[in-house]
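The values are calculated or read from the model by the stated rules, or taken from the named source; none is laboratory data. The model shown is predicted, which means the values in this text are computed figures rather than measured ones. Note that each Cβ is placed from the backbone with ideal geometry, even for glycine, and that neighbours are counted across all protein chains shown.
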Amino acid sequence: MVPAAGRGERLGPGAPKALRELGGVPLLVHAVRALARSRAVGLVVVAAPPDGVAEVVGLLDSHGLDGKDVRVVAGGATRQESVRLGLAAIPADVPVVLVHDAARPLVPVEVVDAVAAAVKGGAGAVVPAVPLADTVKRVEPQPGGRPEPVLETPDRSSLRAVQTPQGFRRELLAEVHERALAEPELTVTDDAGMVEHFGGTVVVVPGHEEAFKVTRPLDLVLAEAVLARRRASDGF
Ligand code: CTP
Ligand code: MG
């Protein structure tokens with residue numbers, strides 16, 4: 001399923017992020033195609049901006065999607081809520097669910113396949129991730145741009161930057177979303193984080209640098225460059 005109901009505040013003013021264009025095609029369409037390209041994917045459920053369901057249905061109808069079944073539901077006020085609403089639209093007999101951000105339009109199919117294969121191979125929760133390029137420091141945040149004291153520098157060799165799609169045994173994902181409803185103060189930023197919070201095991205498989213998330217304007221510049229390179233090299 002593809003959570004696509006965010007506003008895209010950090011990308012700046014304009015349409016909801018999932019509807020912003022990359023190479024003349026909405027980010028959401030890229031993301032859905034990237035998932036649908038995997039033989040492991042049979043159905044794609046999109047959680048659209050609540051006021052944009054009809055528009056998203058139209059967009060997906062007008063772009064070819066490899067004959068895969070696509071359904072659109074209204075998303076929610078938070079990413080967590082959007083995933084929960086999307087999950088509810090997936091038929092009960094589907095045993096494996098991948099959750100993929102509309103904001104990661106260029107994820108290579110190898111990553112989608114690797115995540116799906118790890119879940120089918122027995123893992124309950126799987127995330128793709130890449131090593132960090134930057135050294136990371138934990139700080140004591142200060143108001144007003146004042147210098148922030150450093151508390152520690154975690155060993156970078158054991159840190160990973162996590163991407164999507166994240167893959168789950170369906171019952172596990174449904175269970176943690178259900179349990180999270182009773183904990184409104186829970187602030188995890190991904191679905192695997194919810195599994196960890198409730199004591200479940202999450203494993204990491206290799207991600208890919210092109211699975212980066214479009215968050216800020218510069219990310220869109222990079223995404224355009226990656227897409228142009230693909231189109232030049234293989235008519236993608
Ligand atoms: N998302 C969603 N429903 C929400 C919020 C986010 O489905 N209420 C989705 C976004 O559409 C995106 C993914 O979750 O595909 C990752 O979120 P993020 O990159 O934070 O996107 P936005 O929330 O749209 O951006 P921002 O935080 O800058 O507003
Ligand atoms: Mg957000």
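Quick notes
Residue by residue, here is whether (1) touching a His at 6+ places or on another chain (Cβ under 8 Å); (2) modelled with pLDDT under 95; (3) more than 15 Å from ligand 1 (Cβ to nearest atom); (4) of a type in the set (Asp, Glu) holds:
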| residue | (1), (2), (3), (4) |
| --- | --- |
| ALA4 | no, no, no, no |
| VAL32 | no, no, no, no |
| LEU35 | yes, no, no, no |
| SER38 | no, no, yes, no |
| VAL44 | no, no, no, no |
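- Summed over segment 12-27, the residues that are surrounded by 21 or more Cβ atoms within 10 Å (Cβ to Cβ), within 15 Å of ligand 2 (Cβ to nearest atom) and not basic (Lys, Arg) give a count of 3.
- Among the residues listed as VAL204, VAL214, the single one being outside any helix (DSSP H, G or I), under 29 Å from GLU9 (Cβ atoms) and away from ligand 1 (no atom under 16 Å from the Cβ): VAL204
- The conditions of being within 16 Å of ligand 2 (Cβ to nearest atom) and more than 23 Å from ALA36 (Cβ to Cβ) are not met by THR164.
- Within segment 28-49, the set of residues being within 15 Å of ligand 2 (Cβ to nearest atom) and either basic (Lys, Arg) or surrounded by fewer than 19 Cβ atoms within 10 Å (Cβ to Cβ) (or both) is empty.
- Those residues of segment 72-121 which are assigned to a helix (DSSP H, G or I), buried (at least 18 other Cβ atoms within 10 Å of the Cβ), more than 10 Å from ligand 1 (Cβ to nearest atom) and of a type outside the set (Gly, Ala, Ser), in sequence order: ARG84, LEU87, VAL111, VAL112, VAL115, VAL119
- All positions within segment 1-56 that are in contact with a strand residue (DSSP E or B) (Cβ under 6 Å, 6 or more places away or on another chain), β-branched (Val, Ile, Thr) and part of a helix (DSSP H, G or I): VAL32, VAL53, VAL56
- Among (1) modelled with pLDDT of 95 or more; (2) within 16 Å of ligand 2 (Cβ to nearest atom) - the single one VAL109 does not satisfy: (2)
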